[in-house]
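> Got a structure for you, questions after.
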Ligand code: NDP
Ligand code: 2IT
C-alpha cells in the first residue's frame, strides 16, 4: 500500500487531490487484495491509478472587447473496463490536472456502482464563467469543443456537466460537436429536453443524494419528516437536494456560494427555493441577495481568517455538502457532531477531508461518500444514453423510478460489501470495495491492455 502511494506521489508530486482520492481507495480495498493474490500479481493498483489517456489542450478565445485569452483544456480518460468513458466537465479557475484526475478516479468507482455500463472520465478547464456574457461563454465552449470533439463520441467518451457547466454550456458544446462531426448523436448528456435530454437529469444528482440518505435513515427506522438539514452550495446539486428534502418533509436551514452562506431559521421553503433558482440560474447573482428579499434570514460572508466554516456549526440533524471538494475539515466535522448531526450524504465530490471522515465514522454518523450518494446524476446520464440509443424518451415517473431503484441498489451493494468484509455499516468501505471489485474483475477479464 505504501509502495503504491509513494509511486503515485513521486510521479506527480503536485497532484494533492489525486493523492487524497487514491489514498482513500487504496486503504479501504486492502482486505480485497489480501484475499485475492491474482489482484497483486496483476498489479491492479498500479494499473487503476494510471489514466488510460490524458488529453491537455490550448483553448484560445476572444472576449467581447476583442481581447485574446488562452485557457487550458483537459480530458482524463481514466478507465474503460466497464464501458465508454463517462463523466462531467468542470469550468472553474481552480481546475488543474490533479483536480481532474481525482474527479476521473472517483468517477470510475461511482459509475461502477450505478449498475450501468460506463467507464470513468472527467474533463474541464480553468476558464471562469463568472461575469462572462453569453456570447463569451459560447465562444469559449466552441473553442473548447474545437479540440475535444476529435477525442469523444457516443461509444468512446461521453462528457456532461459539473461545476460551471450546466444546460447553457452543454447546448453550446453540443452545437459545435454536431457541426464538426456532421452527426446528431448522444455524445453529451445533460442536454435540453427538446433535443435529446432526459427528464429528471437536472434533478438527478440532488434527488439521488436524498434518496440515498433516506435509505440510510430507513436502517434506523427513521425518515426525513421534520429533520433539519444543512445544505452547502446553491448550484444544480444543492437546489435539487433542497427540493427533495422539502418533498420528504424535512427542513433546509442553509444554502451557500463561494462568497458566504444564508442561515434561515424558518427554513428554505418552495417559494424561497424558486427565488434561489431564478437568482442563480437566470440572473447569475450572488446568494447574499437572498436576505434583501427575505430579511428574516442571516447572511455570513466567508472569513478567510477562520479555520472552520460556521455553516457547519449550526444545530441540525443532517448535512448535505453540495459545493466542492474539501469543504468540511476536521473542525467542521467536530462541529457537526456537536450540533447534533447524525447523517451526512455527500452531493459534492470528496467534500470531506480524510481527517473529517475519520471523525464522522468514529462517532457513528451515517456517512455516505460522494461516489455512492451522488451517483444518481451519472446514473440518469446513463439512462439518457440508453434513451438516445433507442431514439425514445421515457416519462418523468419512469426515469425517477429507475433513479430510486438505482440508489436503493447502490445502498444495498455498499452495505453488503461492507458486511462481507466485517466492517458493519461502513458505506465508505462498502462503496470502495464494491466499486473496485467490479472494475478490477472486468480489467482482468480483458487482459493486459
Ligand atoms: P454548480 O456550478 O451548479 O454549483 C456549484 C456551487 O458550489 C455554487 O454554489 C458555487 O458557488 C459553489 N462552489 C463552487 N466552487 C466552490 C469553492 N471552491 N468554494 C465554495 N463554494 C464553491 O455545480 P454543481 O451543483 O453541478 O456541482 C456541485 C458539486 O457536486 C461538485 O462537487 C460536483 O463535482 C458535484 N457533482 C455534480 C454532479 C452534477 O450532475 N452536476 C454530479 C455529481 C457530483 P459560486 O457560485 O460562488 O461559484
Ligand atoms: O461527478 C459527476 O458524477 C458528474 N458531474 C456527472 C457526470 C455525468 O456524466 O453525468
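A short reminder: the numbers here are calculations on the coordinates, not readings from a lab. None of the values given here were measured: they were computed from a predicted structure. FYI the Cβ positions are ideal-geometry reconstructions off the backbone, even for glycines, and counts take in every protein chain you see.
> For the stretch 89-106, which residues satisfy the criterion of being surrounded by 23 or more Cβ atoms within 10 Å (Cβ to Cβ) and more than 14 Å from ligand 2 (Cβ to nearest atom)?
none
> Assuming residue 124 fulfils every condition listed in (1) out of contact with any helix residue (DSSP H, G or I) (no Cβ under 8 Å at 6 or more places or on another chain); (2) more than 22 Å from residue 387 (Cβ to Cβ); (3) not in a helix (DSSP H, G or I) apart from one, which condition is it?
So the condition that residue 124 fails would be (1).
> Follow-up question, since we're still on this one. Enumerate the helices (runs of 4 or more DSSP H) found wholly within the stretch 1-112, keeping only those where 3 or more residues are under 26 Å from residue 236 (Cβ atoms).
Correct list: 16-28.
> Answer yes or no as to whether residue 138 is away from ligand 1 (no atom under 14 Å from the Cβ), over 30 Å from residue 409 (Cβ atoms), without any contact (Cβ under 8 Å) to a residue 60 or more places away in the chain and surrounded by fewer than 23 Cβ atoms within 10 Å (Cβ to Cβ).
Taking the combined requirement at face value, the residue satisfies it.
> Please enumerate the residues belonging to the stretch 318-376 that are assigned to a strand (DSSP E or B), within 16 Å of ligand 2 (Cβ to nearest atom) and more than 23 Å from residue 200 (Cβ to Cβ).
Residue satisfying the conditions is 352 alone.
> Taking into account only those residues within the stretch 289-301 that are surrounded by fewer than 15 Cβ atoms within 10 Å (Cβ to Cβ) and touching a strand residue (DSSP E or B) at 6+ places or on another chain (Cβ under 9 Å), which is farthest from residue 322 (Cα to Cα)?
298
Residue-wise test of (1) surrounded by 20 or more Cβ atoms within 10 Å (Cβ to Cβ); (2) in contact (Cβ under 8 Å) with a residue 60 or more places away in the chain; (3) closer than 25 Å to residue 379 by Cβ; (4) in contact with a helix residue (DSSP H, G or I) (Cβ under 7 Å, 6 or more places away or on another chain).
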position: 6; (1), (2), (3), (4): no, no, no, no
position: 18; (1), (2), (3), (4): yes, yes, yes, yes
position: 40; (1), (2), (3), (4): no, no, no, yes
position: 62; (1), (2), (3), (4): no, yes, no, yes
position: 66; (1), (2), (3), (4): no, no, no, no
position: 75; (1), (2), (3), (4): yes, yes, yes, yes
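> What's the number of the condition residue 330 fails, among (1) over 18 Å from the mean Cα position of the chain (by Cα); (2) farther than 19 Å from residue 252 by Cβ; (3) crowded, with 23+ Cβ neighbours inside 10 Å?
(3)
> Here are 132, 179, 191: which of them is more than 20 Å from residue 87 (Cα to Cα) and within 16 Å of ligand 1 (Cβ to nearest atom)?
132
> Moving on to the next point. With respect to residue 172, is the statement that it is closer than 21 Å to residue 118 by Cβ, in a helix (DSSP H, G or I), touching a helix residue (DSSP H, G or I) at 6+ places or on another chain (Cβ under 6 Å) and away from ligand 2 (no atom under 13 Å from the Cβ) true?
no
> Right, another one. Please work out which one of (1) under 26 Å from residue 50 (Cα atoms); (2) over 18 Å from the mean Cα position of the chain (by Cα) is the condition residue 95 fails and give its number.
In the conditions (1) under 26 Å from residue 50 (Cα atoms); (2) over 18 Å from the mean Cα position of the chain (by Cα), residue 95 misses (2) alone.
> Within the stretch 392-429, how many residues are within 18 Å of residue 382 (Cβ to Cβ), in contact with a helix residue (DSSP H, G or I) (Cβ under 8 Å, 6 or more places away or on another chain) and assigned to a helix (DSSP H, G or I)?
Residues in the stretch 392-429 being within 18 Å of residue 382 (Cβ to Cβ), in contact with a helix residue (DSSP H, G or I) (Cβ under 8 Å, 6 or more places away or on another chain) and assigned to a helix (DSSP H, G or I): 11 in total.
> Further question: Evaluate the following for residue 153: is it within 24 Å of the chain's Cα centre (by Cα), touching a residue at least 24 places away in the same chain (Cβ under 8 Å) and surrounded by fewer than 23 Cβ atoms within 10 Å (Cβ to Cβ)?
Here the answer is yes, as residue 153 does meet what is asked.
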